[in-house]
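Notes to accompany the following structure.
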Amino acid sequence: RGGSQRGRGSAAAPMGTTAEPNALTINLLLIVRPDEAAGKAKGQPGGQEGGAGLEDDGNGNSRAQTAQRRDLGGRIKPIPSDSDKGSLSSFLPGPQVTVEIHPEEPPLKPIRVLSLEKGPQRIPSLRGQDNKGFQGTEAPPPGAKDLHEYPWDKSSLKSMPVDLQQFKNLDAYALKVNVKSSVEELVKALLKQARTDLEKVRAIWMWICHHIEYDIVGYHNKSQRLTKAEEVLQRGKSVCEGYAKLFEQMCSLAGVQCKQLSGHSKGNGYKIGQSFTGKSDHTWNAVYLEGRWHLLDSTWGSGSVDDAFTKFTYRYNEFYFLTHPALFIKDHFPDNSNWQLLKPTLTLQEFESNMRQNSSFYRLGLLAAHPDTPIIHTVNGKASVSVDGRPGMLFTFKLNGTKKYGLMALKKHGMELDIYPQTTGSHRLDIFAKPSRAEALGDTYDCVLEYIVECQSVDKAMRFPKDLNQPVGPSWFSERQGFLRPSHREPTIHTNDGRCCLTFTLGKDISVLSSLHCDGGLAEETRRQHIMQIRRGNQMELKVHLPHAGTFVLRIYAKKRTDPGNYDYVFNYLIKCLNAEVKWPPFPLRYSHWMEDYEIVEPLSRLLPANRNVPFKLKMHGIAKVLVQAGNIYTLTNNRGCWEGTCNTSGCTEVFVMVHENANHSFYSHVLKYEVETQ
């Protein structure tokens with residue numbers, strides 16, 4: 001076996017010397033195979049070859065691994081088996097020796113030998129180059145299997161299935177890890193509770209997002225900016241590049257493929273409609289999990305900076321962990337379009353013109369906004385916006401910083417908003433949202449959308465009373481407060497004759513109060529006198545007679561009947577009347593003894609004609625006697641639940657209706673008051 005002999009002779013030459021001409025260099029790689037008994041001891045079938053060694057999974061666990069070597073490019077390649085051409089095997093009993101014959105290569109690096117003993121294994125030293133020993137072959141660049149459809153299909157916020165509840169214990173553990181001696185030691189500590197690659201990435205993500213703050217000083221002063229992983233760890237702060245470098249190195253040490261990506265972003269300081277030119281302004285990461293690339297941004301996951309860029313606030317943001325690429329592209333545009341992980345990819349011009357729905361938009365369960373461009377134009381002085389999302393969301397808005405000049409209506413799955421700018425030009429429109437369940441907790445609204453409204457003309461006829469509250473009109477929220485099946489579902493009521501009638505079905509034990517408002521029109525004491533409330537069982541009717549033409553607000557309040565407290569505001573309507581001839585007097589003045597289930601059939605006007613016989617018809621139950629006091633006393637008769645009669649208004653200026661509630665009592669209670677026209 002001359003080949004074997006020549007191999008031994010060449011191998012004996014000192015490392016770094018040159019072999020004699022025409023000689024064939026033979027490198028010997030000794031592979032020690034455990035005997036059958038040893039194989040059984042490690043849980044392998046008897047008589048089978050267990051492989052060339054054990055591979056460490058980054059957690060101190062070992063498993064069988066095929067014998068490997070490195071090619072000239074540094075890539076790991078399996079060593080051919082005994083049956084492969086060009087290998088020689090001895091036939092001696094005991095440990096087997098395989099001799100592989102190949103052209104001379106750079107000397108192989110020493111092979112790490114891990115313990116074959118039973119029991120827990122120590123986590124090996126995690127050094128950058130050694131990491132490749134258990135990381136496996138390098139992940140391929142983004143390909144067809146990594147791509148997601150654009151636009152977003154509304155299926156998931158994540159690019160892979162993630163159950164956050166399963167991370168509960170791991171997250172809590174990662175937050176408590178307090179190791180800053182080195183990046184290597186930190187990763188070792190985090191991996192004690194992480195087994196899968198996803199868990200490793202999650203632990204690293206949680207630790208960075210809660211322990212590294214944004215470096216405000218470094219942002220403003222490049223000379224004080226530190227971005228190397230060890231420096232970021234020691235200082236506990238950095239800019240986006242430092243976040244990404246630390247994340248990349250920690251993943252590498254944990255045996256997870258990770259890339260650092262650069263590009264443009266719509267982050268702090270972004271202005272709607274701006275163009276992106278020049279060098280990149282942001283850095284983030286991609287990680288390789290379960291055979292696909294995924295995107296994340298630990299900088300934006302850690303918190304936020306104020307508008308003045310003077311203060312960082314930790315505010316964990318789950319949205320930027322394994323974000324769906326069709327959502328990530330809303331505010332991240334990589335220099336290399338392959339890292340969009342989308343089909344089709346977007347151009348920079350499309351990125352600039354597309355709507356930016358920020359993380360709060362999706363975190364709150366919102367799905368889409370219309371229009372989906374950040375700059376909108378008015379038509380005849382009006383611009384309309386709508387949002388689709390999950391049920392139970394509350395919204396508000398600001399136009400140039402004020403809640404004026406708009407009509408917002410809550411819908412079951414979102415909201416609709418009409419904006420009426422009062423001047424031509426550009427206007428900033430911000431949309432805010434929060435879950436209704438947060439109302440009792442006092443949670444603030446989050447800004448979810450930003451628009452620029454370009455107004456070419458102003459609708460002079462549209463007016464908004466200062467007492468108008470947003471949103472306007474009935475909704476799922478008013479239904480929750482006990483106002484069901486409203487007769488008028490739109491926020492605005494138009495009336496030509498100055499009158500309107502609204503009905504609701506009330507929930508159990510609900511008491512209602514309403515008032516009418518307009519700018520500079522109604523005194524405090526008369527706001528309820530142009531509304532007549534009539535209750536029939538669980539049905540509520542509101543009759544409204546406007547005092548003049550104009551734009552009014554009808555506010556509706558409620559409380560439980562058994563609650564002695566104040567009424568709470570529920571919702572309001574906008575009522576519009578353009579008829580300048582409208583001038584309705586108020587309804588009769590009602591005293592405290594007038595019950596909400598009493599009803600005036602006639603006369604409805606508080607102002608009665610002078611020197612006339614005026615018919616009365618009142619629906620009142622549980623009453624023994626009804627009197628009308630004018631110049632004389634007139635007694636009404638009970639006709640099937642209606643008290644009817646006539647009085648004469650001669651010689652008087654006021655008319656009162658009085659009731660005798662109990663026939664055994666000698667006193668009467670005033671329930672209504674009318675006024676008589678002056679002659």
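The values are calculated or read from the model by the stated rules, or taken from the named source; none is laboratory data. In this text the structure is predicted, and so the values were computed from the model without any measurement. Don't worry about glycine lacking a Cβ; one is built from the backbone with ideal geometry, like all the others, and counts go over all protein chains shown. To get the accessible areas, we keep the full protein, side chains included, count just its heavy atoms, and leave off ligands, DNA and RNA. Shrake-Rupley method; radii C 1.70, N 1.55, O 1.52, S 1.80 Å.
Things to note:
- Along segment 668-673 the Karplus relation, 6.51 cos²θ - 1.76 cosθ + 1.60 evaluated at θ = phi - 60°, assigns HN-Hα couplings of 10, 10, 6, 10, 9, 9 Hz to successive residues, with x for each Gly and Pro.
- log10 of Debye I(q)/I(0), alpha-carbon scatterers only, for segment 589-676 at 0.18, 0.21 Å⁻¹: -0.72, -1.00
- Efficiency of FRET from Cβ geometry, K382 and N169, R₀ 60 Å, rounded to 0.05: 0.70
- Of the GluC sites (Glu not before Pro) found in segment 475-584, those in coil by DSSP whose Cβ has at most 16 other Cβ atoms within 10 Å are E581.
- For segment 262-421, a simple Cβ point-charge model (Lys and Arg +1, Asp and Glu -1, everything else neutral) yields a dipole of about 460 debye relative to the Cα centre.
- Taking segment 361-455 and dividing mean pair separation by its residue count, relative contact order in percent (alpha carbons under 8 Å, at least six apart): 32 percent
- For segment 379-434, the solvent-accessible area with a 1.4 angstrom probe is 41 square angstrom per residue.
- Highest average packing first - 380-391, 168-179, Cβ atoms within 10 Å: 380-391, 168-179
- Protein-only accessible surface order, largest first, of E318, E661 at 1.4 Å: E661, E318
- Violating pairs (Cα-Cα greater than 21 angstrom) within the set K145/K168; K543/K619; K200/K434; K382/K460; K543/K576: K145/K168; K200/K434
- Other-chain or far-sequence residues with amide H under 5 Å of D281's (modelled H): G263, H264, S265
- Descending Cα extents along the principal axes, segment 433-483, whole Å: 40, 27, 18
- Cut-off under 5 Å, modelled amide H: who pairs with E213 long-range: K237, S238
- Pairs of alpha carbons in segment 619-658 separated by more than 10 Å make up 68% of all such pairs.
- Between segment 590-630 and segment 259-284, the Cα center-to-center distance that results, in Å: 72 Å
- Rolling a 1.4 angstrom probe over segment 370-481 with all protein chains present gives an accessible area of which 49% lies on carbon and sulfur atoms.
- Using every pair of distinct Cα positions in segment 275-380, the Kirkwood expression returns a hydrodynamic radius of 15.6 angstrom.
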